[in-house]
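Notes follow the structure.
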Amino acid sequence: QVQLVESGGGLVQAGGSLRLSCRASGTTFSIARMAWYRQAPGKQREPVADIASSGSTTYADSVKGRFTIYRNNAKDTVFLQMNALEPEDTGVYSCYVAIKPSYTSPVYEYWGQGTQVTVSS
């Protein structure tokens, strides 16, 4: 069973930085896609950034230029470097991975438990 373990959340003042990490264990297959989502209080979960196995990345408009997603494929770990944090970035950040064992197999999706990020003004 694939498990995702996240770390790095916390409380930071506006303008500060945090780095989130998420390590996947329990799989022998390459991870196709890794991503971070967040959910602010009273709002729906939204995508923040994702990175494909090729290294190509996409970002939500609200975090472009401030957040960087990168991965260590050898360790099945994805990171989210968050700089110039704003109070609007507050929320629970969850790691997501998608694994597709073969061309004809379905995609298997897994979520981390979430880590709280709070940015004070």
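Which value, to two decimals, describes the C-alpha radius of gyration of region 40-121 once divided by 2.2 N^0.38 Å?
Ratio of Cα Rg to 2.2 N^0.38 Å: 1.20.
Of the listed peptides 10-20, 85-95, what is their order by residue-averaged count of other C-beta atoms within 10 Å, with the highest listed first?
Order by mean packing, descending: 85-95, 10-20.
Please give the contour-minus-distance gain from F29 to A52: 0.36 nm per residue of separation, less the Cα-Cα distance, rounded to one decimal in nm.
Taking 0.36 nm per residue and subtracting the Cα distance, the gain is 6.8 nm.
What's the center-to-center distance, using Cα atoms, between region 55-113 and region 1-29 in Å?
Taking the Cα centre of region 1-29 as reference, the centre of region 55-113 is 9 Å away.
Expressed as cubic angstrom per residue, what is the convex hull volume of the alpha carbon set of region 1-47? Mind showing how you got there, number by number?
Working: hull volume 5.6 nm³, N = 47.
In region 1-47, the Cα convex hull volume per residue is 119 Å³.
Compare the peptides 112-118, 24-30 by average per-residue count of other Cβ atoms within 10 angstrom and give them in order, highest first.
112-118, 24-30
Can you give me the % of accessible surface on the chain that is carbon or sulfur? Probe 1.4 Å, all protein chains present, nothing else counted. Could the numbers behind the result be given before it?
Values: 3260 of 6640 Å².
Roughly 49 percent, rounded to a whole number.
If you rank Y108, Y59 by how much accessible surface each has, with a 1.4 Å probe, what is the order from largest down?
Accessible-area ranking of Y108, Y59, largest first: Y108, Y59.
Enter the accessible area per residue of the chain (Å², integer; probe 1.4 Å; all protein chains in place).
55
Whole number please: convex hull volume per residue, Cα atoms of region 17-76, in Å³.
Each residue corresponds to 111 Å³ of Cα convex hull volume.
When Lys and Arg each count +1 and Asp and Glu each count -1, what net charge do the other residues less than 12 Å away from V2, Cβ to Cβ, add up to?
With Lys, Arg at +1 and Asp, Glu at -1, the neighbours total -1.
Can you figure out the FRET efficiency of A60 with S102, using R₀ = 25 Å and their beta-carbon distance, to the nearest 0.05?
Taking R0 as 25 Å, the efficiency between A60 and S102 is 0.20.
Under the definition of Cα pairs under 8 Å and six or more residues apart, what whole-number percent is the relative contact order of the chain?
Relative contact order comes out at 35 percent.
The values are calculated or read from the model by the stated rules, or taken from the named source; none is laboratory data. The shown structure was predicted, so the numbers you read here are calculated from the model rather than taken from an experiment. Please note: Cβ atoms are built from the backbone with ideal geometry, for glycine as well, and neighbour counts cover all protein chains shown. Accessible surface areas use protein heavy atoms only, side chains included; no ligands, DNA or RNA. Shrake-Rupley method; radii C 1.70, N 1.55, O 1.52, S 1.80 Å.
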